[in-house]
Structures are given as structure tokens and as C-alpha cells.
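To start, the structure under review is shown below, and the notes come after it.
The values are calculated or read from the model by the stated rules, or taken from the named source; none is laboratory data. All of these numbers come straight from a predicted model, not from anything done at the bench. In this analysis, Cβ positions are derived from the backbone assuming ideal geometry, glycine residues included, and neighbour counts consider all displayed protein chains.
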Amino acid sequence: MAEAEAGSTVEMSLKDKGNEFFKAGNYLKAAALYTQAIKQDPSNPTLYSNRAAAFLNLVKLNKALADAETTITLNPQWEKGYFRKGCILEAMERYDDALSVFQTALQYNPQSAEVSRKIKRISQLAKDKKRAQEVENLRSNIDMAKHLDALKSEMSEKYGSEECWKDVFSFLVETMEAAVKSWHETSKVDAKVYFLLDKEKTDTEKYAPVVNIDKAFESPHTHSNCFSFLRQYAEDSFSSAACLVAPKSIISYPQVWKGQGSRKWKHGQHDGFFVQFELPLVRKIWFISSSNEKGQTLCRDPEVLDINAHEVVPLLAKKYGL
């Protein structure tokens, strides 16, 4: 709120008029009147404080900040100058700076409930902004490979040097990262199986690297037909690996995980999707849950599941392999 202060008749008239326009929400006219008053009395901190408030409401933040700084320079002991500056820095989302200024204001007026409320609010806003930035970083910098060290070790044991399996590992990482990006952008993934085709042997006119399986979970019959088809597809296309991605929402647990219906689901009620990886000697399944943070969809780290209890489709890699 703009301040009133005793002064010359001309100054009071200009300032009072400015205050009236400020109260009425005409901040542009108020700022103009405060400017006229400042010309009459350029060393009056209250006038700069009032104009700073008007500029803040007009979202002329740089001008408002300059007036708040002048207010402080003219009267360093006055809490209101710091309060003005803190409010402007808050509007600029410079929360750490705003917090520091409000704390200075409190030193000059320790009894101010208004300043104390601001400090509490800005502290929370600073935490929220920091977490929002962290969430955005997690959404933008997806790195699935860092979660798959155990798989690397297992593949080394069963397939030898990294040269033998690095293409398969890259295929898995790229598939998982693409699924996470899709979930971040749309909050969904399509139920599909991705195949790592043999560049030399696969008839690419006949076999695509992706097969849609969204109908597979409509009934036990369609599910059975689907995995039989996929197993044959993997063999005939000379695929060296397969990776299934399926959203949790379309899976009927008792139907798909036959005999496992009584097992307790240990991964909460979060939405998310499954990634099932198939090699002749290595079979893995992960659940990637998601949550909503700061208005953004965020995928959590992949959680390894027991493939024997939670496979989405039965064994695919019967004959094909590295």
C-alpha cells in the first residue's frame, strides 16, 4: 500500500492524488503523480516507495526495483524500503535474494507480522522452485544406463566381452529412454514390442522393428495368440533381442500373470509401465512408476521385478539370440 507523509502543500496534493488513484487500481496514473511529486521533492524516500509499489503492480519490475533501491539509499533504517525491494524480487522469482532482503526488513521492525509472513512464504517458494528445477532436470536428462549396472555384469558373465553385447545393451537403453520421454510428454506409452533386427539377415520388407500389441491384453485368448505370434516373429526376423513396453493400466493381472493373482503387488498404486527384455540367456522385467510433481509428470527409477512372477508375456527368446 502506498504511504502518506506530511510535507509541503503541493507535495501532499500530488501524493494524496497518487494515493487515491493507487487505491482505485489506476497504477499508471498513480505512478505519474508520484513522479511529479518526486520532481518537487527528489530526496523524499516515501515517494520512491510509493512509486515502486505502483510500478510493481504495473509489472515494470526493473523500474520498481530502482525506486526501492533509491528508497533504501535515502532512508537505510526504514523497513518499508526493504519490504518493497523484497516484494519486487519475489515477483522476479529471485527468491533467495528476496529472502535476504525481507530478513533485513525484519531487523528494522522485528514486530512486523507482515514481514514474518513474507519470510515464511518466500522460504516455501524457494524450496518449490528448487524442486521444480530438479524435476525438470530429471525429465530432461534421462539416463537409463546408470540403472542397469547389474544387467551389464550378468551379460558379461553369460556373453563375454562388452563387444559381444554392447549393441543389445544400447538397444535396451534407447528403448527404455524413448518410453520414458513418451511418458513425460503424454503420460502414456503404447503397448509395443521392439525387435533388434539383424542388418544382414532380416527381410526388412516383411519384418518391421516394432509390433503393436495393444489388443493382446483384452482376453486370455488374444494374449496367448499374441505371444505365440511374437515368438515366431522373433525367430523368423532373425532378431537378436526383443524389448516389450506396456502400460500398467491395460494389464489384467490375473489374466496375464496366471496363478499369480494372489501375490501382493509391492510397488504401490502409482501409474507407470513395464519394460520386459528378452535374450535367450537373459530375461528381465522392470516397472517404471510415475508421479506428478510441480505440475509435471515424472518417471521414477526402474524397479526390477521377478520375471517368473510378473512376466507380461511368456518366454519369447526360444531360438533366436546373439
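The rows are residues; the columns are (1) without any contact (Cβ under 8 Å) to a residue 60 or more places away in the chain; (2) over 27 Å from the mean Cα position of the chain (by Cα); (3) closer than 30 Å to T297 by Cα.
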residue	(1), (2), (3)
V115	yes, yes, no
R131	no, no, yes
M155	no, yes, no
S187	no, no, yes
E200	yes, yes, no
E205	yes, yes, no
A208	yes, yes, no
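Looking across the stretch 211-227, just one residue is free of Cβ contacts under 8 Å to residues at least 24 places away in the same chain, surrounded by 13 or more Cβ atoms within 10 Å (Cβ to Cβ) and in contact with a strand residue (DSSP E or B) (Cβ under 7 Å, 6 or more places away or on another chain), and that is V211. Is it the case, given these coordinates, that A64 is farther than 17 Å from T104 by Cα, crowded, with 24+ Cβ neighbours inside 10 Å and modelled with pLDDT of 95 or more? Criteria met by A64.
If you go through the stretch 96-122 and pick out every residue that is part of a helix (DSSP H, G or I) and polar (S, T, N, Q), you end up with 5. Of L172, L65, L138, L125, all but one fail to be in contact with a Cys (Cβ under 7 Å, 6 or more places away or on another chain) and in a helix (DSSP H, G or I); the exception is L172.
Quick grid of which residues meet (1) farther than 19 Å from D190 by Cβ; (2) at pLDDT 90 or above; (3) not in a strand (DSSP E or B):
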position	(1), (2), (3)
K215	no, no, yes
T222	no, no, yes
Q232	yes, yes, yes
K264	yes, no, yes
F277	no, yes, no
V312	no, no, yes
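All conditions in (1) within 21 Å of the chain's Cα centre (by Cα); (2) not in a loop (DSSP other than H, G, I, E, B) hold for E93, with the sole exception of (2). You will find that of S153, S182, the residue that is surrounded by fewer than 14 Cβ atoms within 10 Å (Cβ to Cβ), in the same structural domain as L281 (by TED's automatic domain parsing) and in a helix (DSSP H, G or I) is S153 and no other.
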